[in-house]
1. What do you reckon, is L170 within 21 Å of V75 (Cβ to Cβ), in contact with a helix residue (DSSP H, G or I) (Cβ under 8 Å, 6 or more places away or on another chain), aliphatic (A, V, I, L, M) and crowded, with 18+ Cβ neighbours inside 10 Å?
2. Would you mind finding the one in G28, G33 that is under 17 Å from I148 (Cβ atoms), in contact (Cβ under 8 Å) with a residue 40 or more places away in the chain and not in a helix (DSSP H, G or I)?
3. Kindly evaluate R104 against the criterion of being assigned to a helix (DSSP H, G or I), among the basic types (K, R) and more than 17 Å from the chain's Cα centre (by Cα).
4. Quick test for you: out of A90, A140, A97, A105, pick the one residue that is modelled with pLDDT under 75 and closer than 18 Å to N21 by Cβ.
5. Looking at region 158-192 only, could you name the residues that are farther than 17 Å from T20 by Cβ, in a helix (DSSP H, G or I) and of a type in the set (A, V, I, L, M, F, W, C)?
6. Only residues in region 61-84 that are at negative phi count as the first member; pair them with residues that are modelled with pLDDT under 80 and exposed (fewer than 14 other Cβ atoms within 10 Å of the Cβ), Cβ under 6 angstrom, at least 6 apart or cross-chain, and list the lot.
7. Out of everything in region 137-173 that is small (G, A, S) and under 22 Å from A50 (Cα atoms), what residue ends up being farthest from the chain's Cα centre (by Cα)?
8. Within region 119-134, how many residues turn out to be among the basic types (K, R) and under 12 Å from I48 (Cα atoms)?
Amino acid sequence: MNFALFLLPMLALLLAPGPTNALIALSGAQSNGARITPVIAAALFGYIAAVLPLALLGTQLVGRWPQAPVLLRLVAAAWLLVVAAGLWRAPTAANPACRAVTPRAIFLTTLTNPKALVVALVLLPPVADPRFPARIALFAVAVIAASIGWARFGALLGAGVGGPRRTGLLGRAASVWLALVSASLTAAAITA
């Protein structure tokens, strides 16, 4: 796979709305983009912590235990439901006492993000391939770029007059989105 054939699907996957991106955008909106470095680091470390073991052991694990992807989907679905419930109570202008999105929540959500499976088992070359180190480094750069983009998008939504209201709406929308992703993961696990 040449550089462009690797990078374009990687960016498309990482830029697509999903659990991690929803939390990063909401964090950007809540902080007006002021604290995105820990958020970006959490997303990067979450993806690396998920992708590397899957790249190293994923095909062996699935070969030995074919139900592993089902279990991973169910764990991810359960976590996303927990996060969705928390986001429903995210800070709003009417209720500023609720907790903001934390880097920990972003790390754990990214760790269970189904995109990690696609990256590790489909987009990256095998670990023994000499291109693997360069591709994992490019993946890290793509994660950082996508995270910055989503955080800035959230910051734009949260800025200015009406920003707190839009941030509250973004939290609710992210909550509903994560609940839908959780439901689709559960359905995929049940029908697998």
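The values are calculated or read from the model by the stated rules, or taken from the named source; none is laboratory data. Note that the structure is a prediction, hence the values are computed from the model and not measured. So basically every Cβ, Gly included, is an ideal-geometry build from the backbone, and we count neighbours across all protein chains shown.
1. Details: within 21 Å of V75 (Cβ to Cβ): no; in contact with a helix residue (DSSP H, G or I) (Cβ under 8 Å, 6 or more places away or on another chain): yes; aliphatic (A, V, I, L, M): yes; crowded, with 18+ Cβ neighbours inside 10 Å: yes.
For L170, the condition - within 21 Å of V75 (Cβ to Cβ), in contact with a helix residue (DSSP H, G or I) (Cβ under 8 Å, 6 or more places away or on another chain), aliphatic (A, V, I, L, M) and crowded, with 18+ Cβ neighbours inside 10 Å - is not met.
2. Values: G28 fails: not in a helix (DSSP H, G or I).
Checking each option against the conditions leaves just G33.
3. Numbers: assigned to a helix (DSSP H, G or I): yes; among the basic types (K, R): yes; more than 17 Å from the chain's Cα centre (by Cα): no.
Considered against the rule, which asks whether it is assigned to a helix (DSSP H, G or I), among the basic types (K, R) and more than 17 Å from the chain's Cα centre (by Cα), R104 comes out as no.
4. Numbers: A140 fails: modelled with pLDDT under 75; A97 fails: closer than 18 Å to N21 by Cβ; A105 fails: modelled with pLDDT under 75.
Every option except A90 fails the conditions.
5. The initial filter retains those residues of region 158-192 that are farther than 17 Å from T20 by Cβ, namely 158-169, 172, 183, 186-192.
Then keep just the ones that are in a helix (DSSP H, G or I); that gives 158, 163-169, 172, 183, 186-191.
Hits for region 158-192 are L169, A183, A187, A188, A189, I190.
6. V70/A192
7. Taking region 137-173 as the starting set, the residues that turn out to be small (G, A, S) are 137, 140, 142, 145-147, 149, 151, 154-155, 158-160, 162-163, 168, 171, 173.
Now drop any that are not under 22 Å from A50 (Cα atoms), which leaves 137, 140, 142, 145-147, 149, 151.
Working: A137: 18, A140: 13, A142: 13, A145: 13, A146: 10, S147: 9, G149: 13, A151: 12 Å.
Among those residues, the one meeting the criterion is A137.
8. Here is the first cut: in region 119-134, the ones among the basic types (K, R) are 131.
Right, trim to under 12 Å from I48 (Cα atoms) and you get none.
Matching residues across region 119-134 total 0.
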